[in-house]
Structure formats: structure tokens, C-alpha cells
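Data block below; observations after.
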Amino acid sequence: MGNPWRRLVGLTLLVSMAVFGAGCGPFGYDVHVDTVEVRPGSIVARGWVHDAFAQREHGCPAMRVSVDGVRQSSSAPCPVFGSRPDVDAVMGGRNAALPEMPISGLGRGAHRLCVDVVAGSSVAAAAFEPATCTDVVVPFDQHDRSALDMVVVGGTRVEAAGWYSQVTTDPQPGGFVPSWSLDGLWIGDIRALSFTEGRTQRPDVALVHGPRAEGFTLVIDSLAAGSHRLCLGLKSQTSGNLSGVISCRSFTV
């Protein structure tokens with residue numbers, strides 16, 4: 001009939017793997033991704049790693065993450081791992097929560113996230129061999145987008161409208177805010193120019209690019225004759241450098 005203790009151990013292992021669905025890498029660590037949080041500008045995998053061996057010559061582990069097989073991020077050797085008592089109760093041994101490692105700038109659509117855990121001393125040299133993978137859908141681009149929809153000239157009067165979806169940088173004191181520039185100068189820095197700026201809701205843009213998309217309008221009452229270039233981009237609140245995703249149009253008055 002066989003050894004009943006061996007059968008019990010085998011059954012416990014099967015139950016554990018069925019409950020948690022862990023994958024085992026070449027270094028002997030079991031790793032599992034519980035969830036993938038999709039943030040406005042990044043994704044973060046959360047899960048756990050199980051070390052079946054109490055003592056290892058190579059020391060503590062390091063985690064690595066790839067997305068779509070090309071984007072890879074590595075934790076430092078011996079990262080700070082959180083506690084996972086729920087895994088301890090089932091797996092025994094040494095268990096820890098995966099350290100948070102955001103991956104930013106993904107495009108809208110489906111992506112494949114994979115994780116492996118290696119010896120800390122081998123984090124740079126070891127080949128990436130996914131221990132577990134999961135699919136994640138990013139509903140909106142996780143990077144800035146912008147567009148200048150129209151520039152209408154009527155005599156010396158100019159009307160413009162556009163939008164900016166600011167994802168990678170949040171507006172904050174000393175941060176960056178969407179703003180207009182004319183002929184290389186910020187609107188507010190041009191003396192003797194009479195203009196009116198406005199902000200509008202753009203549900204059409206938000207539907208495609210996400211809730212951070214916002215509409216911007218500009219009316220210049222009287223502009224000197226000649227060729228001009230109008231742009232919508234990001235302006236630092238502490239300097240006048242143009243940055244972000246810049247959308248421009250050239251026109252003649």
C-alpha cells in the first residue's frame with residue numbers, strides 16, 4: 001500500500017500547487033503572480049516567492065520582470081520582501097511577497113507579463129527563464145499624448161483648440177502643466193499680446209486616451225501679420241522649457 005506519510009506529503013503538495021498555481025524556475029524558487037495592478041502610468045505585479053531550501057550558498061533571491069518578452073526590470077539582489085503568512089500556512093518553508101517593481105510607459109492593449117526569481121548573485125548574468133506568466137490589458141496608453149485640433153485665422157484674430165493627456169507627470173507645485181507657446185515663447189511671456197486661455201472637457205478624447213485627457217482653447221485677439229507657429233506642450237512652473245509631447249501648427253496672419 002506504500003508509505004502513507006509519503007502519500008500525505010504528495011497530496012499536500014498537489015493541493016498547494018492547485019490553490020496557488022505557482023511556477024518553479026531553474027534556481028528552485030516557486031513564484032506566483034496574484035494580481036497585476038494597472039495604474040495610469042504603469043503596471044505593478046503582486047504575488048509571492050517560495051524558497052524550499054532553508055540555507056543556500058548563493059544567498060538571497062532577486063526578482064526579474066519582463067513584458068512582451070522585451071521589457072525587463074530587475075530588483076536589486078536581496079530586495080526587501082514583504083510578509084506572506086497565507087502562503088506560509090500552505091507551503092511552509094520561507095515565503096515572501098514580491099517587491100514592488102512598476103513597469104511604466106506601456107501602450108494600450110494586451111500585454112504578457114512574466115516573472116522569474118534567481119539567485120541574488122546571478123541577477124545580472126542568468127538567462128531570463130519565466131517561472132510564471134500572466135496576461136494584462138492596459139485600457140489606455142501609459143504615456144503622454146497630445147493634439148492640436150484646429151487653428152482658425154480670421155483677420156488678426158486666431159482661435160485654437162487641442163487636448164493633452166498628461167499621464168507620466170502629475171500637475172503639482174514645481175511640476176509641469178499643459179500650456180501654449182507661440183513662436184517659441186510661452187503665451188504668458190509675450191508682452192502686449194491680448195489672449196484668453198480656457199480648459200474644456202473632452203469626453204471624445206478621454207474615451208480613447210483615458211480620464212487624464214483635457215481640452216485646451218486659446219483665443220488671440222490681435223496678432224501681427226506674418227508667419228507664426230503655435231504649440232501645445234508642457235511648461236515647467238519653475239522654468240520656461242518646452243517638454244512633454246508637443247503638438248504644433250504653422251499658420252499665416
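The values are calculated or read from the model by the stated rules, or taken from the named source; none is laboratory data. Note that this is a predicted model, so its numbers are computed, not measured. Here the Cβ is made from the backbone with ideal geometry for all residues, glycine too, and neighbour counts use every protein chain on show. Remember, those area values only see protein heavy atoms, side chains included, never the ligands or the DNA or RNA. Shrake-Rupley method; radii C 1.70, N 1.55, O 1.52, S 1.80 Å.
A 1.4 Å probe run over segment 133-253, with the rest of the protein chains in place, finds 52 Å² accessible per residue.
Calculate, in nm to one decimal, what residue 52 and residue 35 gain on full extension: separation in residues at 0.36 nm each, minus their alpha carbon distance. Display every interim value, and only then the final one.
Working: separation 17, 0.36 × 17 = 6.12 nm, distance 2.27 nm.
The span from residue 52 to residue 35 would gain 3.8 nm if fully extended.
A simple spin-label model places the labels of residue 159 and residue 143 3.5 nm from each other, with each point 7 Å out along Cα-to-Cβ. With R₀ fixed at 22 Å, the C-beta to C-beta distance from residue 236 to residue 199 puts the FRET efficiency at about 0.75. Cα extents for segment 108-190 along the principal axes, largest to smallest and rounded to whole angstrom: 68, 28, 21.
Using the scaling law 2.2 N^0.38 Å as the reference, what is the normalised Cα Rg of segment 190-253?
On the way: Rg = 14.1 Å, N = 64, 2.2 N^0.38 = 10.7 Å.
Here the answer is 1.32, to two decimals.
Mean projection of the Cα convex hull over all viewing directions, computed for segment 136-244: 7.5 nm². With the simple spin-label model, which puts each label point 7 Å out from Cα in the Cβ direction, the residue 251 to residue 97 separation comes to 5.2 nm.
A simple packing score, the average count of other Cβ atoms within 10 Å per residue, orders the peptides 154-163, 212-221, 64-73 as 212-221, 154-163, 64-73, with the highest score first.
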